[in-house]
Amino acid sequence: MNTIGKVNGIIANLVIVETEGTAAQNEICFIEHDNTRLMAEVIKIMGNKAYAQVFESTRGLKVGAKVEFMGHMLEVDLGPGLLSKNLDGLQNDLDKMEGVFLKRGEYTHALDDHKTYGFVPLAKPGEKVTAGSWLGEVKENWMPHKIMVPFKMEGEYTVKSVAKEGEYHIHDTMAVVTDKEGQEIKITMTQRWPVKVPIRAYKEKPRPFKIMETGIRVMDTLNPIAEGGTGFIPGPFGSGKTVLQHNLSKNAEADLVVIAACGERANEVVEIFTEFPELDDPRTGRKLMERTTIIANTSNMPVAAREASVYTAMTIAEYYRAMGLKVLLLADSTSRWAQALREMSNRMEELPGPDGFPMDLPAIISNFYSRAGFVYLNNGETGSITFIGTVSPAGGNLKEPVTESTKKAARCFYALSQARADSKRYPAIDPIDSYSKYLEYPEIAEYLNDKIASHWTENVFNAKTILLRGREAHEQINILGDDGVPLDYHLRYWKSELIDFVILQQDAFDKIDASTPLKRQHYMLEKVLEICDMEFKFENFEKVNPYFKRVINQLKQMNYSEYESEQFKKNEKELETIIQERKTA
Amino acid sequence: MEKDTKAFQRVYTKLFQLTKATVSLNASGIGNDELAIVDGRLAQVVKIMGDVVTLQVFAGTEGIPTNAEVVFTGKAPTLKVSDDLAGRFFNAYGEPLDGSEIIGEEREIGGPSVNPVRRKQPSELIATGIAGIDLNNTLVTGQKIPFFADPDQPYNQVMAMVALRAQADKIILGGVGLTNDDYLYFKQVFDNAGALDRIVGFINTTEDPPVERLLVPDMALTAAEYFAVDKKEKVLVLLTDLTLYADALSIVSNRMDQIPSKDSMPGSLYSDLARLYEKAVQFPDGGSITIVAVTTLSGGDITHAIPDNTGYITEGQLFLRKDSDVGKVIVDPFRSLSRLKQLVIGKKTREDHPQVMNSAVRLFADAANAKTKLENGFDLTDYDERTLEFAKGYSEKLLAIDVNIDVDTMLETAYALFEKHFTPAEVGIRQEFVDKYWKKN
């Protein structure tokens, strides 16, 4: 029998419920109003009063409304059918909702009860299994989707029977297992899991040792992110965060992509809805949407569901990781999530931390980032969640609480610079302020030198030095004037510009330039560094700028042409001619 | 002290707490967000704790006695919608300013959000003739974009110009703390253009109580939804000035003893503004709501909480600035941005539009660097001199707000400037476009 209560107070979406029975922190309850049931989550209990944040508008709600406590936390359904879905923060399938406007109290299932999936058994009777063990496999779109022992089942079980190969519905019994007492438990294709609890059905989580290729040169070449790594992109508005995230989801080398559009613009979500089903997946030749799940809780949707949306996305990512897949999780923007926490903390009249955010914000953020990672599953297979979150720092100031807390949690930092964005140098990732801690991991360095070229990391650090020296030279030129510095300063500056224009800047809207495979990145970096190593002869500083512009122009045309095509080779030849004009050593 | 007058209407006469913006009383059976009339003034329920109800009085509480009559209406604020709205002006409560009656269906304002999967990706260009907008920061139907402007800049004039050229079926003006002069200006401009029958105005002027302003954007957007959803029309909503809206929010939250966050603004500012701006939408059946708003800045400071939160919500922003070199107000190409332009430029406009736009802005940035050099007393290179010449032409012929030409002419004008001052390599656009559009000498 569920605990019953009644509404005693209402402040915006915070509702105070008086109850005689037991209630638990984070328990889900439903408030009856106007023939609908509004979902809410308990966030504080004081005596017989439970404070609940309602995931909907509370307009018209009255004191005395009946409340039913459900006895569980916020849970999501896990099973085949999550891919290609457009879900909201509470995992409602947006496409199944009727009407143009979202109706209050309307909840829809993420999974399709009537769809059948072709099942192939993997486990055999007599096998010992634990939570997360693979019992069988179905095809979801074209992806192999494992049917697993539910994560909630603790301890060891013995497989009694597994369904034969064939077509089944998601609620059909796919396997029967027995526990130590010999009790039989039926397992279907679906299970439920509370989103705020990490899924730990794996053996160990080692340090990441591979990189995840993204096709974005300024990331892969200069500051690579590890497979199973974490990164964040802070940037003022208009600096290209969203374009960068979209590009990542299109080109990164992941089996599937989970996008949490958290408190952001609806039109951006619509862009994903519209483009992804049309976009060819550069990695599989199929449609991008087939391996994408979108959790959309736009800024005008209820604030409490916004907070839930990032957890829903993470839980779905963990579910697929347990199948041995490489998952890329993108959250745009984690600042909106933090703001949702702030709004609630404020309504509960908690003593505020810095900038009005709750005191435990850093802990909440680092807990969340720690759910990403590369894992060895219990059966020896590997899976990973690479997580990249964006941060929208208030006033573009990186010293605000969300950015600072995230900086402590994430290993890669991709600083978007307003100055670069203003001069249309996209992606506006600052090459000097940004970092990837993974470059310092010996196992990653080894992996890179092995996979790309023996002296790769050396080249990368070399390029970084040239960029830094170029920036210093540029500052000197600005202070002392063009003719107040030695000619060499101009050369230094223009060599860094060469790297900037050819390697760092990349046209996300150009068919060819949008994504660069590692092999090509290697080729172009070598090419550019080779030029940076050369000595040139100039009569005076005025000749440096136009000359390097010609060099850059040829290299850019190369970036725009198909790798090793006629056009590519033609530009390379012309480049050689230009170089010979002034090269001395 | 309770007596029933009509069904759903309950009357109370005992207030036990009054602040400048709120009153509290004991009452029961009251719904959250419900409207009430306190001493003849409109008020709305903002907090219920047991039998204590707190109301926000829009017109302020000056002179309200503790025994004032409070009548609860049993419903949230509404607007009567019908085609009757067109060509008329209303106050913040949705009552016609001319004192007449309006017949229509009563709808709650501040209604639910559009399901994101029921939206269509915006793809229709709004031509304004202003190159600073059409060439560099192209607007699209279903977009939401504010002018970030200092109070002395002619943002209301530019906005009126954009509205008239945009070929919208309806223009809905939400005047939030508009000066009476500006209100009359809008009325006159629309009248002169013969567009008055396409206009619906919801006006709160500086003479009206500030908290009343909180209703204006919701009124305007409810009317917009009527025309866009029911009538499938292209609706353009002008909201000026939303900084005053945010100020009114902070007054109410302050009176309710809420802990302020950055710049004394309520912690929910982002959600509050997003709720308005996200009403901008393109529907698959042709109806659309486009929002052009104004956020006034103080001393150009965009890190203040109001412009900062706005920037994260809207799809870009437009900056005006006086270019002293040509003596005209221009649309600043560096700080302005239309995020949705990618959906139309080079697709609905000529293929080379994106590259021409980027190159011109980059050269304009080079000119700004050259100018800094000049100011610091350094010699200019030949290239610097040429960028400065280019910048003047660019400002005068393209960026100035008095330009009124179509997009193809803008591109031709840009090429003419490129050819006059630079080589193709210096401009740096793709070879195939150079071959096609660069006039050979």
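Here, each number is a calculation from the coordinates, and none is a lab measurement. All values derive from a computational prediction rather than experimental measurement. FYI the Cβ positions are ideal-geometry reconstructions off the backbone, even for glycines, and counts take in every protein chain you see.
Overview of results
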| quantity | calculated |
| --- | --- |
| Relative contact order of chain A, defined on C-alpha pairs under 8 angstrom at six or more residues apart (%) | 12 percent |
| Three-way shape call for the range A:349-508 based on the alpha-carbon gyration tensor, with the a/c threshold at 1.5 | oblate |
| The range A:211-436: C-alpha gyration tensor shape, a/c 1.5 cut-off, then a/b vs b/c | rounded |
| Under 5 Å, built H, 5+ apart or other chain: amide partners of B:F202 | B:F90, B:L173, B:G174, B:G175 |
| Assigned charges on the beta-carbon of Lys, Arg, Asp, Glu; the protein assembly as shown dipole about Cα centre (debye) | 1480 debye |
| GluC sites (Glu not before Pro) within the range B:331-421: DSSP coil, no more than 15 neighbouring Cβ in 10 Å | B:E351 |
| Rounded, prolate or oblate (a/c below 1.5 giving rounded, otherwise prolate when a/b exceeds b/c) for the range A:33-171 by Cα gyration tensor | oblate |
| Local electrostatic count at A:Q521 - Lys and Arg +1, Asp and Glu -1, tallied over other residues with Cβ under 11 Å | +1 |
| Length-normalised contact order of the range A:456-582 in % [C-alpha pairs under 8 Å, at least 6 apart] | 24 percent |
| Neighbour count of at most 10 Cβ within 10 Å plus DSSP loop: longest trypsin sites (Lys or Arg not before Pro)-free window in chain B | B:7-438 |
| Between the range B:72-138 and the range B:168-220, the Cα center-to-center distance that results, in Å | 12 Å |
| Whichever lysines have a C-alpha closer than 17 Å to that of B:K279, once near sequence neighbours (fewer than 8 apart) are set aside | A:K103, B:K120, B:K144, B:K170, B:K231, B:K232, B:K234 |
| Fraction of alpha-carbon pairs over 22 Å apart in the range B:222-359 - percent | 53 percent |
| Pairwise Lys count, the range A:323-457 - Cα closer than 30 Å, eight or more residues apart or different chains | 16 |
| Over chain B: helical MRE at 222 nm, DSSP H runs n ≥ 4 each giving -39500 (n - 2.57), nearest 500 | -9000 deg cm²/dmol |
| Globularity index of the range A:112-189, i.e. its alpha-carbon radius of gyration over 2.2 N^0.38 Å | 1.05 |
| Mean shadow area of the range B:291-441 over all directions, Cα convex hull, nm² | 10.6 nm² |
| Stokes-Einstein D for the range B:258-305, Kirkwood Rh over Cα pairs, 37 °C, 0.692 mPa s (µm²/s) | 249 µm²/s |
| Viscosity 1.567 mPa s, temperature 4 °C, Stokes-Einstein D of the range A:196-245 from Kirkwood C-alpha radius, µm²/s | 97 µm²/s |
| Directionally averaged projected area (convex hull, Cα atoms, the range B:383-441), nm² | 4.3 nm² |
| Helical contribution to [θ] at 222 nm, DSSP H n ≥ 4, -39,500 (n - 2.57), averaged over chain A, rounded to 500 | -9500 deg cm²/dmol |
| Sequence-distant aspartates and glutamates (8 or more away, or on other chains) whose Cα lies within less than 13 Å of A:K115 | A:E140, A:E167, A:D172 |
| Part-to-part distance (alpha-carbon centres) for the range B:259-295 and the range A:469-522, which is given in Å | 39 Å |
| Listed residues B:T222, B:Y185, B:M256: farthest to the positive end of the dipole of the range B:126-264 (Cβ charges) | B:T222 |
| Value of Rg to Rh for the range A:217-325 (Rh from inverse mean 1/r over Cα pairs, i.e. Kirkwood) | 0.95 |
| Binned Cα-Cα distances of the range B:192-231, short to long, each 5 Å bin given as a whole percent | 5, 20, 21, 20, 17, 12, 4 |
| Cα pair distances exceeding 17 angstrom across the range B:3-72, given as percent | 29 percent |
| P(r) histogram, all alpha-carbon pairs of the protein assembly as shown included - 10 Å bins from 0, percent | 2, 10, 19, 22, 20, 14, 9, 4, 1, 0 |
| Taking only Cα atoms of the range A:90-134, radius of gyration then Dmax in Å | 17.8, 52 |
| All-pairs Cα distance distribution in chain B, expressed in whole percent, bin size 20 Å | 24, 49, 22, 6, 0 |
| Under 13 Å from the Cα of A:K196 - aspartates and glutamates, other chains or at least 8 residues apart | A:E27, A:E41, A:E75, A:E307, A:E318 |
| Distance between the range A:160-200 and the range A:403-433 - C-alpha centres, whole angstrom | 45 Å |
| Percentage relative contact order, chain B, counting C-alpha pairs under 8 Å, at least six apart | 16 percent |
| For chain A, size of Cβ-based charge dipole, Lys and Arg +1, Asp and Glu -1, in debye | 360 debye |
| Translational diffusion coefficient (Stokes-Einstein; Kirkwood radius from C-alpha pairs) of chain A at 25 °C, 0.890 mPa s, in µm²/s | 93 µm²/s |
